[in-house]
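Visitor: Below: one structure in structure tokens.
The values are calculated or read from the model by the stated rules, or taken from the named source; none is laboratory data. Every value quoted in this text rests on a predicted model; they were computed, and no experiment measured them. No Cβ is skipped: glycine too gets one built from the backbone with ideal geometry, and neighbour counts run over all protein chains shown.
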Amino acid sequence: MKVLSALSCLILAVATSGLAAQTPVATAARVAEAPDLKRGRLLFIQCRACHEVKAGLPHKVGPNLNGMLGRKAGTAAGFTQYSPALRAWGQTWDLALLDKWIEKPSSVVPGNSMAFAGLTAARDRAALIGYLQAETKAPQP
């Protein structure tokens, strides 16, 4: 009984101190909006053969993706293997464009040289984009 009474006092003290109001509550909506970074990391395994995400690592068959968001497509410094179609495209990478690209690159820029069919599941694309944002330290919108 004393333990229960002490626990009740602690709960009451936290509730009335304002500390409870300062602690974020994980609502179902917030959890649903949070990218699944573990899943994104697993999905990125298929990208890793051609791309790096950490600053300072060399380009591979494809460009290092660090700093990609907010940059004009086809302009990663030091990467010279872009297809003519991608170089001429002229778009700047943002989250919506990246989502479309990951879904099916060939439909976004016909004639690009990226050998990736795409991810059709929106959940997978969101997880991969969340992972890319976290790993490249890209700003969240």
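Visitor: Can you confirm whether segment 54-71 contains a residue that is among the polar types (S, T, N, Q), in a loop (DSSP other than H, G, I, E, B) and surrounded by 15 or more Cβ atoms within 10 Å (Cβ to Cβ)?
Guide: The answer is yes, given that some residue of segment 54-71 is among the polar types (S, T, N, Q), in a loop (DSSP other than H, G, I, E, B) and surrounded by 15 or more Cβ atoms within 10 Å (Cβ to Cβ).
Visitor: OK, next. Mind checking which residues of segment 76-122 are more than 17 Å from Q46 (Cα to Cα), in contact with a Leu (Cβ under 8 Å, 6 or more places away or on another chain) and polar (S, T, N, Q)?
Guide: The answer is Q91, N112.
Visitor: Just to verify a result, which residue in segment 82-93, among those that are surrounded by 11 or more Cβ atoms within 10 Å (Cβ to Cβ) and part of a loop (DSSP other than H, G, I, E, B), is nearest to the chain's Cα centre (by Cα)?
Guide: Per the criteria, the residue is W93.
Visitor: State the number of residues belonging to segment 104-141 that are assigned to a loop (DSSP other than H, G, I, E, B), modelled with pLDDT of 95 or more and farther than 18 Å from A73 by Cβ.
Guide: Residues in segment 104-141 being assigned to a loop (DSSP other than H, G, I, E, B), modelled with pLDDT of 95 or more and farther than 18 Å from A73 by Cβ: 3 in total.
Visitor: Tally up the residues in segment 54-67 that are out of contact with any Pro (no Cβ under 8 Å at 6 or more places or on another chain) and either of a type in the set (S, T, N, Q) or closer than 8 Å to T136 by Cα (or both), please.
Guide: Applying the first criterion (out of contact with any Pro (no Cβ under 8 Å at 6 or more places or on another chain)) to segment 54-67 yields 54-63, 65-67.
Now drop any that are not either of a type in the set (S, T, N, Q) or closer than 8 Å to T136 by Cα (or both), which leaves 54-55, 65-67.
Result for segment 54-67: 5.
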